[in-house]
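Please treat every number below as a calculation from the coordinates, not as lab data. All figures in this text were calculated on a predicted structure; none of them were measured in a lab.
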Amino acid sequence: MTTKTQRPSARKRPQHHAHMRHANRAAPPAARSEAVYEVRRSGIHGRGVYATQRIPKGTRIVEYVGERISHEEADARYEAKGQDDGHTFLFVVSDRIVIDAGVGGNDARFINHSCDPNCETVIEDDRVFIEAVRSIRPGEELGYEYGLTWETSDDPDELANYACRCGAAQCRGTMLDPVPLDRKRKPSRRKKGTAGRGRREASRA
């Protein structure tokens, strides 16, 4: 079952969220990470993850791992960081669990945001996996939609720290979710069945 969390605003650190598609099908076996990707400097930001061979659509590439902590611990852990420091690796799994890939994390934490993603994140049994949503060419950088949550009351200067530089033709210019949490919480009178996705935050090296 998909879990969505509605957490505090970016003032409390926007957090990565999964694409919110729980795996209800058998995903292809995870390929050996050293064979299908490598980590190197990225033209988007810091380090990135690049395919070393063709990765077919539907391939489960890597698990997003790290220390599993509560939302309260996640907030407390990064409270001391400056407001202009977006360098965290938090990923919301559920309303109980946040993964901090800054502690015991793997290469998945270096996958950058993309407004035209070739990957998505999938939650299965409270674990997060990155899967290919299309065929990925050798040398292509992996990317998925971060969908960082925020609220209309957040400091615009702080939100500016989450600018996107993915270079996609349809780049939104931000890693933030298009709709702020406080607007998602209010049911729309015009359209029924529109629910917020939840949120996720990751930052990069």
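Computed values, structure above
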item: Built amide H within the under 5 Å cut-off of V128, gap 5+; result: Y64
item: Cα-Cα pairs of segment 107-172 separated by more than 14 Å (percent); result: 65
